[in-house]
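Visitor: Let me begin by handing over the structure; questions about it come next.
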């Protein structure tokens, strides 16, 4: 079970943030925008980690990873981390923005209604 911990944490992050899509942030409906936001940054960090692994500066505890790697012995979990966590961040940010926008719109409508009531 230990060797699945990293993947389990990533899956939990996705499972926790997936329902945020009900607030209509549109991250999954605008997948190309998410890809364009995530991939360049992920590429930089994958290269960064690859260099650190090759230089023996960085390593991963084999007890907590599946053992599936890409070149230079980078665990697949780490690559997924660079994709999953930013996606969860985008979902959270966009959901909070959508909720705040709705609250502001509702507040503006309430103020307009109050102003109309006062005019009468």
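Visitor: What single numbered condition from (1) at negative phi; (2) surrounded by 13 or more Cβ atoms within 10 Å (Cβ to Cβ); (3) over 18 Å from the mean Cα position of the chain (by Cα) fails to hold for residue 72?
Guide: Result: residue 72 fails condition (1) only.
Visitor: Right, residue 4: surrounded by 12 or more Cβ atoms within 10 Å (Cβ to Cβ) and free of Cβ contacts under 8 Å to residues at least 24 places away in the same chain or not?
Guide: When the stated conditions are applied, residue 4 does not pass them.
Visitor: Count, please, the residues in region 34-50 that happen to be free of Cβ contacts under 8 Å to residues at least 12 places away in the same chain and either surrounded by fewer than 12 Cβ atoms within 10 Å (Cβ to Cβ) or over 13 Å from the mean Cα position of the chain (by Cα) (or both).
Guide: Residues in region 34-50 being free of Cβ contacts under 8 Å to residues at least 12 places away in the same chain and either surrounded by fewer than 12 Cβ atoms within 10 Å (Cβ to Cβ) or over 13 Å from the mean Cα position of the chain (by Cα) (or both): 6 in total.
Where a number appears in this text, it was derived from the coordinates with a stated rule and is not lab data. Here the structure is a predicted model, which means the values were calculated and not measured. A quick note on method: Cβ atoms are made from the backbone with ideal geometry, for glycine too, and the neighbour counts reach across all protein chains shown.
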